[in-house]
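The structure appears right after this line, and notes come after that.
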């Protein structure tokens, strides 16, 4: 007679087979997935449409950045904001670590196979099974395994930084289901976007990391599955990546046309001026600039005049990244939204655009401006009103009816009416003028320190300072170097700071909004919720957005979130220009097509005749 343990094992095995069969029947493996609808490319696509699949390999390129670095592990809190660029990088590419699937830069939110050649998901997206590419290897030649995927999530949960550290919170279990397959089962905290976030999470090798020391900064070259190995490290100054000639993924469709340089160097500089001078000397290969005045001055040198350096403007199709003055609402003086709304009225965009920016910019007021996701200029529809109904006290009437921002978007300069409106709001919040100082009911003056990291930021802050001082608000400006600013951001040690909501805008806002605006992120060190926003209304809109089943529901949730962020005045948005201006040495070339999300340096190459 069989033992009870044997019978239990047999029952468990049978149950597993039944569950596996049911799961397989529910969804066949797909090489591409999308947040809404279907991916644009068929399973047998050859390459992304915005690359040159036959781009020549070879040559070298040097990228230049302002700042420093003291760490090569991008997944830990310690030295989080001083991790070397390029290891995992939205601008220069994920040179060392790769995710299970790769995002297309030409679609709002679609993923295609990379480490995982395909994925199976059930209709409810409560389970996802990733089928690893059998050819996937780490740069030391070891195979990428399901155990590596499981280790990644376990070590991130124990030792990682936000947002990686919280991903296990939405996962019920991860299990190896075959030699090259791993299945995620999600719990009731997960949303419909979360399987895509799992697919985008970089994977680390279990054999090359020690869980015990994972959270310590390191300058020892790390091992990944990407197209490049770290070949040289000069702490704080330079990091050099060499292309792995045996890179496993060179012929994977989502990687064709990428990773064309044999060597990539990233040089660090103390300030923008020294970086520009290095570009003129040919040390830096590429120079991007948003300041129109600096653009003109920056390319006025012999190599630009004789054609050895070219300047080009690319146009992307996504909302602009929002940059501006972030109020730290963890501090009592910025806790009242009436105070923040008053201060937001005092940014003199009209004067700045005319006198500093050559009139080439537009005022930023929405977090998805210029797209169908923006609430700016649009009255709330019934779906939005339904979502916001429990929180109507958080949204001002002009934001609800779409009339907010008409003066600002018209480019008018700051006048008496705006000063009067701001002062009236401050009076409502309990402030009054006492002599030449604005004080609260306890007689404490309203003062603030604005942190900036560039001379450009310092100029903009000085204009803002003049307007604030007209109402008796004391303002000081402190210029910090990059490492100092990163430390202050990480611990939220500031009154006001000029920063950006993200590296770029998006047509597919999702889980990253939790890290930028969510209540939990406000209380967690190292997140991107610089403003400290902690509002149940914002949390509810993000949840509605993440769980939307139809495009109409999704758009309504994003617009409702936009209205809350605008009315909450957590940031004084500055300005934007969707033109991406880049100067580069003429020995480099790029694909003809610019994708939806703008030009991609990872797809450029060096002309063979210049090698």
Completion exercise
So the angle from the long Cα axis of helix 455-469 to the longest Cα principal axis of the chain, reported in degrees to the nearest 10, equals 40
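Quick one: which of 151-162, 39-50, 362-373, 461-472 comes out on top by average Cβ neighbours within 10 Å, and what's the full order, highest first?
Working: 151-162: 19.8, 39-50: 15.7, 362-373: 22.0, 461-472: 17.9.
Ranking the peptides 151-162, 39-50, 362-373, 461-472 by packing returns 362-373, 151-162, 461-472, 39-50.
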Handout entry: Overall form of the chain per C-alpha gyration tensor (a/c, 1.5; a/b vs b/c)
Key = oblate
Handout entry: Folded to 0 to 90 degrees: helix 146-159 orientation relative to the chain principal axis, Cα
Key = 40
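Taking the highest mean first, how do the peptides 206-214, 113-121, 521-529 order by number of other beta carbon atoms within 10 angstrom per residue? Mind dumping the intermediate values first?
On the way: 206-214: 13.8, 113-121: 23.7, 521-529: 19.0.
Result, highest mean Cβ count within 10 Å first: 113-121, 521-529, 206-214.
Quick one, can you get me the convex hull of the C-alpha atoms of segment 112-193 expressed as volume per residue in Å³?
Details: hull volume 8.7 nm³, N = 82.
Convex hull volume per residue, Cα atoms: 107 Å³.
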Practice task
Take peptides 280-290, 336-346 and line them up by average Cβ neighbours within 10 Å, highest first, as a rough protection proxy.
Solution key: 336-346, 280-290
Problem - At R0 = 45 Å, FRET efficiency that the Cβ-Cβ distance of residue 185 and residue 487 yields, to 0.05 - result: 0.70
Completion exercise
Taking Cα atoms, the helix 416-428 axis meets the longest principal axis of the chain at an angle in degrees (rounded to 10) of 70
Practice task
Calculate I(q)/I(0) for segment 235-327 by the Debye formula, one identical point scatterer on each C-alpha and no solvent, and give its log10 at q = 0.21 Å⁻¹ to two decimals.
Solution key: -1.16
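Is segment 323-576 best put as rounded, prolate or oblate by its Cα gyration tensor, with a ≥ b ≥ c the root eigenvalues, rounded for a/c under 1.5, and otherwise prolate when a/b is larger than b/c, oblate when not? Write out the running numbers ahead of the final one.
Numbers: a/c = 1.45, a/b = 1.36, b/c = 1.06.
Rounded is the answer for segment 323-576, as its axis ratio a/c remains below 1.5.
Semi-axes of the equivalent ellipsoid of segment 464-511: what are they in whole Å, largest first, if each equals the square root of 5 times a C-alpha gyration tensor eigenvalue? Don't skip to the end; give the middle numbers.
Working: eigenvalues 142, 60, 18 Å².
Semi-axes from the Cα gyration tensor: 27, 17, 10 Å.
Under 1.5 on a/c is rounded, so check that first for segment 476-592, then, if it is not, pick prolate when a/b is larger than b/c and oblate when it is not; a ≥ b ≥ c are the square roots of the alpha carbon gyration tensor eigenvalues. Provide the component values of the computation, followed by the final result.
Numbers: a/c = 2.12, a/b = 1.15, b/c = 1.85.
Oblate is the answer for segment 476-592, as a/c is 1.5 or above yet b/c matches or exceeds a/b.
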Exercise for the section: List the extent of the Cα atoms of segment 392-447 along each of their three principal axes, largest first, rounded to whole Å. Expected result: 37, 31, 16
Problem - the chain - percent relative contact order, Cα under 8 Å, separation 6 or more - result: 20
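None of the figures in this text is laboratory data; all of them are computed from the coordinates on show. Keep in mind it's a predicted model, so treat the numbers as computed, not measured. Here Cβ is always computed from backbone atoms with ideal geometry, including for glycine, and neighbour counts include all displayed protein chains.
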